[in-house]
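Working notes for the structure below.
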Amino acid sequence: MTNPILKDSIIVADSVDKIYPNGCHALKKVSLNIKKGEVVVIIGPSGSGKSTFLRTLNQLETISDGTIHIDDINLTHKETNINKVREEVGMVFQSFNLFPHKTALGNVMLSPMKVLKKSAKEAEAEAKDLMAKVGLADRMNNYPSHLSGGQQQRVAIARALAMSPKIMLFDEPTSALDPEMVGEVLDVMKSLAGGGMTMVVVTHEMGFAREVADRVVFMEDGELVFEETPDRFFESDNQRLQRFLGQVL
Amino acid sequence: MKKQQNLLLWKMLYVLIMIGIGYGVYASSKSLSYNWRWERIPQYLISFQPTDIKAPFDGSIESVDPKEHKIVVQSDSGQTFVVTKYDKAIAHTGDLVFEGDTVATIKGWHLGSISWGLVMTLKISAVALVFAMIIGLFTGLARISHNPVLRYLSVTYIEVIRGTPLLVQIFIFYFFIGTVLNLDRFTAGVAALSVFTGAYIAEIIRAGIQSIHPGQMEAARSLGMNYIKAMVYVILPQAFKRTLPPLAGQFINLIKDSSLVSVISITDLTKAGREVVSSTFAPFEVWFTVAILYLVLTGSLSWVIQKLEKRLSASD
């Protein structure tokens, strides 16, 4: 790393461009540095590219131009094994994406066993700990179809944590939930943030951004418009931000 | 309560219709003045005829000893053949015997030719099913691959196989490919059936994989699994469960299609039936029997797959 300011950054995105084959310009020169242990919340109107940007961070979305470094590894370099990077970058999806043919515990155990080659016994013990951590010790043997949305999302968080990632990405984790279940998922995320996890969260939960985030980023039309600490962010007089906040609040 | 009575009524109607059909078959056979000879059929399923024990060479019977229950056959060149397990001695001491002559008989049961045909049908279907699954799985995966060569190859294979009759394919496999590669009948038959069924299974598996939400692949990849692991542990188990009903239909088709290998002289159930017809002159009985045996095979397969489906539905 040549720039000394970036030395303690764990995520360095530099002028990231994404153009879809159909010509849609989803990301325009997005640059963002995230320090170890930082919680960054990305907000913005739908279609602003915030989810696309999040997905470039573990290369579920490839980029057209620019560079992304995760923990000093250049994601787009030819010799980078993206699977190794993904082991370190957990992701939680809007629609949970639990594996329906596995029990909750089976979901959490699968990747540690098949990717990290842990023994079933070890994976199970760790999975049980994680299930307890997300408050689902009594639901371990349920299949996803027998869990509520909030419970499924908490299993999904436990599943991502089972790989002991250094970074957690959250893609609108509460958007598909009934209002009464949002709280239980946010609580798990808060305790995770309190434990020092580096988190990048795309969300519409302004309360969460205000309370938990170290930094809030506003994106619109594929551009990173504005980033600030929560206090200053919500008091900013940036016009585009004001217009957006006026619509959602 | 009223609903249940109605149900009973419908069931009775069903039974009545079935009896009507049965009577129709009986009456029409009467009008043909056909002589039903069902008693000729069982021996072709299982036979209790004593089996002959034959002399392996030319020679003479040295001794028949009822006390020690032992027959000794001496060949012209000095070899001996000793029979200790038999029920009835045919030859006597001092008899001259030629190779293949019956020395004694032994009681017991053995399978008749229709049963052997059934065994052959079962064998050929089972082997072809395994290969068809393997071919279908890989072709299905190639069909959705990002690599154009794999995609074009699989599409060509599927279109060629689905666009030509199985009977023609069996002839091509036996007479052309079989001659080039020096295949025996059984191998050629199994190959033709596997390649034919594989094309259909490929399409079923492709549809099954594509019906799985893309989020499943993304979740698996985001956990560090490579494409193959994600396929094996996440996508295929779900696709398999979803495609079980159409796969079952294809497997049943495979069993029925296997009857066509009789054209290259494999003695399967159908060919055994044809042979028995020519020796019993009882075509109706034989073909009904053969049909029932096919039904037993396909029915058991359906049953097994239904059980499997039930077990897999635990996660629903």
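From largest to smallest, the equivalent ellipsoid semi-axes obtained for the stretch A:1-124 from the alpha-carbon gyration tensor read 28, 19, 14 Å. When the Karplus curve 6.51 cos²θ - 1.76 cosθ + 1.60 is applied with θ = phi - 60°, which whole-Hz ³J(HN,Hα) does each residue of the stretch A:150-155 get, with x for Gly and Pro? Listing the rounded values in order: x, 5, 4, 5, 5, 4 Hz. Can you work out the PRE-style zone for residue A:84? Point 7 Å along Cα to Cβ, and I want the residues of the stretch B:184-224 with backbone N under 18 Å. Correct set: B:222-224.
Measuring between alpha carbons in the structure, the pairs from B:256/B:307; A:84/A:121; A:84/A:128; A:166/B:241; A:50/A:84; A:118/A:166 lying more than 26 angstrom apart are A:166/B:241. Taking packing as the residue-averaged number of other Cβ atoms within 10 angstrom, the listed peptides A:204-210, A:241-247, A:26-32, A:116-122 run from highest to lowest as A:26-32, A:204-210, A:241-247, A:116-122.
Comparing each chain alone with all protein chains together (probe 1.4 Å, DNA, RNA and ligands left out), the residues of the stretch A:81-99 losing at least 30 Å² of accessible area are A:83, A:86, A:93, A:97, A:99.
Centre-to-centre, using Cα atoms only, the stretch A:21-64 and the stretch B:222-290 are separated by 50 Å.
Taken as Cα centroids, the stretch B:297-316 and the stretch A:144-207 sit 37 Å apart, rounded to the nearest whole angstrom.
FRET efficiency for the pair residue B:210 and residue B:313, taken as 1/(1 + (r/R0)^6) with r the Cβ-Cβ distance and R0 = 22 Å, rounds to 0.55.
Residue by residue, the stretch B:99-107 carries 3J(HN,Hα) couplings of 4, x, 6, 7, 8, 7, 10, 10, 7 Hz when phi is fed to the Karplus relation 6.51 cos²θ - 1.76 cosθ + 1.60 (θ = phi - 60°); x denotes Gly or Pro.
Placing a label point 7 Å from the Cα of residue B:284 along the Cα-to-Cβ direction, the residues of the stretch B:1-44 with a backbone N closer than 14 Å are B:22-40. Comparing B:81, B:281, B:131 in a Gaussian network model of chain B where C-alpha atoms under 10 Å apart are linked, the largest mean-square fluctuation is found at B:81.
Scalar couplings 3J(HN,Hα) for the stretch A:33-40, obtained by applying the Karplus form with A = 6.51, B = -1.76, C = 1.60 to θ = phi - 60°, are 10, 10, 7, 4, x, 7, 10, 10 Hz; x denotes Gly and Pro.
Annotation: per residue accessible area for the stretch B:53-108 equals 63 Å², rounded to a whole number [probe 1.4 Å, protein chains only].
Computed from the C-alpha gyration tensor, the three semi-axes of the ellipsoid equivalent to chain A are 30, 22, 16 Å, from longest to shortest. The packing ranking, built from the mean of other Cβ atoms within 10 Å per residue, places the peptides B:194-201, A:151-158 in the order A:151-158, B:194-201, highest first. The C-alpha radius of gyration of the stretch B:114-314, expressed as a fraction of 2.2 N^0.38 Å, stands at 1.17. Stokes-Einstein, applied to the Kirkwood radius of the stretch B:1-144 over Cα pairs at a viscosity of 0.692 mPa s and 37 °C, places its translational diffusion at 150 µm² s⁻¹. Extents of the stretch B:53-108, largest first, come to 30, 21, 15 Å (Cα atoms, principal axes, whole angstrom). For the protein assembly as shown, the spread of Cα positions along the three principal axes, ordered from largest to smallest, is 119, 73, 48 Å. Taken residue by residue and averaged, Cβ atoms of other chains lying within 10 Å of the Cβ of A:58-71 number 1.
Across B:209, B:124, B:255, mean-square fluctuation computed from a Gaussian network of chain B (C-alpha pairs under 10 Å connected) peaks at B:209. Summing charges over neighbours of residue A:238, with a neighbour being any other residue whose Cβ is under 12 Å away from its Cβ, gives -2 when K and R count +1 and D and E count -1.
The values are calculated or read from the model by the stated rules, or taken from the named source; none is laboratory data. Computed from a predicted model, the values in this text were never measured in an experiment. A quick note on method: Cβ atoms are made from the backbone with ideal geometry, for glycine too, and the neighbour counts reach across all protein chains shown. These area figures cover heavy atoms from the full protein model, side chains too; ligands, DNA and RNA do not enter into them. Shrake-Rupley method; radii C 1.70, N 1.55, O 1.52, S 1.80 Å.
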